[in-house]
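Quick note: the coordinates plus some simple rules give every number you see, no bench work behind them. Since the structure is predicted, the reported quantities are computational estimates derived from the model, not experimental observations. Note that each Cβ is placed from the backbone with ideal geometry, even for glycine, and that neighbours are counted across all protein chains shown.
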């Protein structure tokens, strides 16, 4: 596990720049650093030593040193790969996983990615052919940014590394900003800066003598298979979970687990405990507000399996941590659960270097309550698109003019929901700012720039690519393509690596995901129940209190925070001259939003989205970008 950075050019490389790019991500790898410099390439890395601690330094080379690689992540099948490569005549010097990359490239070229089982972002430089290969793991556990100009390309694990280059113009991309306000994150392939891109999950990039080609190499196949014996499927799922967990427990450094008390993290802890000779170290974060506190559930599992359990309570120190979080998140990011994620990572790092978590269980097995709502929506009769759009607009007007909780408001929301296509319904459920809200809050200039841009198109494209046979099955595929890599995995990667902690996710093993994707949707969500097959499979492992407890999620008391300890911060940051001077939003609408929230309406998600954007500006944007007029903040 580490952070990587580099640049390749048909002209001269820039070693000093790459050294600076690596210095700024030392938190990703405090145990060491390594560099490769030649006439056309400069590659660097920071190392967090987990496997092959003694001999696993990078960069790694093939036998004649014409192929070199830097690597971020873990390859869980590296022992089998090493044996196969040795049988094919390759000479490996160390004992770990990173060295496999250069020999796999020698053997298979770009098809090497199909042989990897793990989480990764890597760069392979082929000196002889002047070719750079960048690749990112199938699901998007590890990040990779890149930009190219003329005859050169730059890449890094974090955007702040690319910011070390004074040639980078920090022009905020208005389309990326538009998507952020919808999703609360900037989705790949965009980044917040124009000209800088994220390599999407399951994609590779080939740069050869100045030419860039990006292509997909993996996508989850949701085509359902026939299931004739559900008991056999339950047994197979237990086998897959145990194996996916076992291979993620390989570490030369101390290892533990996040334990929220939910089904997914509890399942992982159970699978670890059954395969560990020592008590598993578990870590939980909670809140003083009982509505958001699940520590009692985590203790049930900890007591059942005799774990070495540790807890942390999030209190009123938010003003201290928010600037630090804004610095680590190189782009605007408004999932408020990043706060407890940061704290539980900080707690864990005091005891271990590696943690396992339950990420991916909801997307793989149908765990979100919104899936129940989308499943019920299939009974709503279809409407012609024009009629449905009118029906939805009327419902929107009725809801907006009705009191919160009133029958007319609920009726309006139902009309709105009924008039929309499945992807629009789901996009609205997932949106921070809907198109209507954007039209109200955008300044005339920003609104004009984005008048023809539809953020919901990302959902539409993922929905159309899905091979699932039902609307709900396709919605699960949409989450795997959007919400999972864009929000959840970014949150865990940034908050864990900010604390020099490696996070591993058994539910995101691609073999387990492919098996789960082919399950009939009725084994995931049915009759108002979620995770049907998963709950049955792990019933021998977990008590009824965990399996039958309503899903709570990793939420925070955001609404009360923004009426209490964060109220002054929100008003000051969002209404001062600096924020107004950007020319992005109508000041009167922003102030009204704040006042309505204080008055009792819940606008916490929208306020938080605006607040995180402004905090990002102050942590990252270049000084000249603080004003919109006459400056390149929103160039097109």
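Numbers at a glance
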item	result
Full-stretch length increase - residue 445, residue 527 - with 0.36 nm per residue and alpha-carbon distance subtracted	24.7 nm
Area projected by the alpha carbon convex hull of the chain, averaged over all directions, nm²	27.9 nm²
Projected label distance in nm at residue 568 and residue 212, using a 7 Å step from Cα toward the beta-carbon	4.5 nm
Residues 493, 31, sorted so that the one with the fewest Cβ neighbours within 10 Å comes first	31, 493
Part-to-part distance (alpha-carbon centres) for region 260-278 and region 291-352, which is given in Å	18 Å
P(r) tail fraction, region 558-623 - alpha-carbon pairs more than 14 Å apart, %	54 percent
Footprinting exposure proxy for 437, 207, 125 (fewest neighbouring C-beta atoms within 10 Å first)	437, 207, 125
Near-label residues of region 140-183 by backbone N, under 11 Å of a point 7 Å along Cα→Cβ of residue 11	150-152
With eigenvalues of the C-alpha gyration tensor scaled by 5 and rooted, region 2-216, Å	27, 18, 17
Estimated FRET transfer efficiency (residue 394, residue 87; beta-carbon r; R0 51 Å; 0.05)	0.15
Kirkwood hydrodynamic radius over Cα pairs of region 122-240, then Stokes diffusion coefficient at 4 °C and 1.567 mPa s, in µm²/s	77 µm²/s
Computed over the chain: relative contact order in percent, which uses C-alpha pairs under 8 Å that are six or more apart	16 percent
Within the chain, helix-based [θ] at 222 nm, where runs of 4 or more DSSP H residues each add -39,500 (n - 2.57), nearest 500	-12000 deg cm²/dmol
FRET E, pair residue 407, residue 167, Förster distance 51 Å, beta-carbon r, rounded to 0.05	0.30
Sequence-separation-based contact order of region 75-176, relative, with Cα cut under 8 Å and 6+ spacing, percent	16 percent
Directionally averaged shadow of region 173-216, computed from the convex hull of its alpha-carbon atoms, nm²	3.4 nm²
Stretchable slack from residue 274 to residue 376, in nm (0.36 nm times residue separation minus alpha-carbon distance)	32.9 nm
Separation between Cα centres of region 136-214 and region 450-520, rounded to whole Å	18 Å
Residue list for region 80-95, given a label point 7 angstrom along the Cα-to-Cβ vector of residue 252 and an amide N cut-off under 16 Å	93-95
Added length on full extension, which subtracts the Cα-Cα distance from 0.36 nm per residue, residue 467 to residue 315	50.2 nm
Sorted by Cβ density within 10 Å, fewest first, the residues 292, 217	217, 292
Region 1-117 - percent relative contact order, Cα under 8 Å, separation 6 or more	23 percent
